[in-house]
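Shown next, in structure tokens, is the structure this report addresses.
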Amino acid sequence: MSVSDLFSLNGKTAVVTGGSRGIGLMIARGFVEAGVKTYISSRKAAACDAAAAELSKTGTCIPLAHDLGDPSEVRKLADEIKAREKKLDILVNNAGAAWAEPIDQYSEAGWDKLMAVNLKATFLLTQALLPLLRAAATQDEPARVLNIGSIDGILQPTLESYAYSASKAAVHHLTRNLAKHLARDNINVNAIAPGPFDTKMLAPVLAVARRQMEAAVPRKRIGRDDDMIGAAIFYCSRASSFVTGTVLPVDGGIVSAAYTAMEIGLEA
């Protein structure tokens with residue numbers, strides 16, 4: 001097999017939740033340009049339609065607007081995919097929300113929203129689309145579930161984002177649990193834990209502290225689209241057919257540097 005074939009996604013079908021902006025849009029763009037028939041979902045129909053129209057200039061992108069914080073909307077999205085496709089090669093669970101408040105004021109509504117969108121929807125949509133994923137899966141070419149976590153689910157974030165970091169840590173562990181049980185169905189389940197990327201979610205922080213954030217990253221920059229696209233293509237191509245149950249920080253070295261600092265402290 002040639003190297004180009006090893007990383008090829010041409011002819012596959014994918015669903016990317018939260019695909020109208022940020023990390024999801026980066027991954028969707030990479031897929032579309034790689035020849036993947038890509039469905040994107042987002043909570044806002046206008047944003048979903050606009051992103052799909054732009055991506056469709058280079059390939060096939062289909063918008064399906066659903067608010068995945070509502071379990072009934074998760075089921076509706078799955079039903080729409082099932083009505084259109086007999087199999088599904090790739091599911092990217094990216095839809096997410098963030099919430100930060102001081103602990104004394106931290107909102108129960110914010111906690112519930114983040115657990116519903118970031119964690120519960122990831123499980124429910126994977127569960128609902130298992131028949132299509134199983135139909136696409138073979139031992140040589142597994143189907144893929146790629147969950148988007150966060151380095152905030154590995155390290156302790158500076159912001160008081162209690163539900164966000166807890167939900168992303170849970171996504172990482174859910175990934176490992178799903179990988180164990182779905183391997184028998186030839187479905188690989190992995191996660192990417194992004195560090196700082198230029199997204200709408202991080203925009204308020206970057207607006208006031210971009211230089212400080214870049215200085216804190218060992219690679220001395222913010223993540224770029226290609227950084228995320230490359231990781232997603234690896235996980236969803238033949239190149240990773242023997243890789244499942246992993247969580248990959250795509251963070252410019254933040255996680256590894258933190259553990260190194262911890263080791264230095266222990267040695268001292």
Would you confirm whether or not region 166-174 contains a residue that is of a type in the set (S, T, N, Q), crowded, with 22+ Cβ neighbours inside 10 Å and touching a Pro at 6+ places or on another chain (Cβ under 9 Å)? no
Mind checking which residues of region 72-107 are touching a Gly at 6+ places or on another chain (Cβ under 8 Å) and either hydrophobic (A, V, I, L, M, F, W, C) or surrounded by 23 or more Cβ atoms within 10 Å (Cβ to Cβ) (or both)? VAL92, ASN94, ALA95, GLY96, ALA97, TRP99
Identify all residues within region 184-231 that are touching a helix residue (DSSP H, G or I) at 6+ places or on another chain (Cβ under 7 Å) and at positive phi; write none if there are none. LYS220
Tally up the residues in region 189-204 that are farther than 21 Å from ASP227 by Cβ and in a strand (DSSP E or B), please. 1
Look at region 80-138 and say how many of its residues are of a type in the set (Lys, Arg), touching a Lys or Arg at 6+ places or on another chain (Cβ under 9 Å) and part of a helix (DSSP H, G or I). 1
Looking at (1) farther than 23 Å from ARG43 by Cα; (2) β-branched (Val, Ile, Thr); (3) surrounded by 21 or more Cβ atoms within 10 Å (Cβ to Cβ), which is the one condition that is false for THR158? (3)
Single condition ARG184 does not satisfy, out of (1) under 22 Å from LYS87 (Cβ atoms); (2) touching a residue at least 24 places away in the same chain (Cβ under 8 Å): (2)
Given the conditions (1) among the aliphatic types (A, V, I, L, M); (2) over 23 Å from GLU33 (Cβ atoms); (3) surrounded by 15 or more Cβ atoms within 10 Å (Cβ to Cβ), every one holds for ILE233 apart from (2)
Contact list, first residue from region 94-108 and among the β-branched types (Val, Ile, Thr), second anywhere and buried (at least 17 other Cβ atoms within 10 Å of the Cβ), beta-carbon distance below 9 Å, six or more apart or interchain, is ILE103/TYR162
Is region 141-153 home to any residue that is in contact with a Leu (Cβ under 6 Å, 6 or more places away or on another chain) and either more than 16 Å from ASN190 (Cβ to Cβ) or in a loop (DSSP other than H, G, I, E, B) (or both)? no
Give ALA78, ALA116, ALA52, ALA98 a once-over and let me know the one that is within 23 Å of ILE229 (Cα to Cα), at pLDDT 95 or above and among the aliphatic types (A, V, I, L, M). ALA52
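The values are calculated or read from the model by the stated rules, or taken from the named source; none is laboratory data. The shown structure was predicted, so the numbers you read here are calculated from the model rather than taken from an experiment. Positions of Cβ are backbone-derived with ideal geometry, glycine not excepted, and every protein chain shown enters the neighbour counts.
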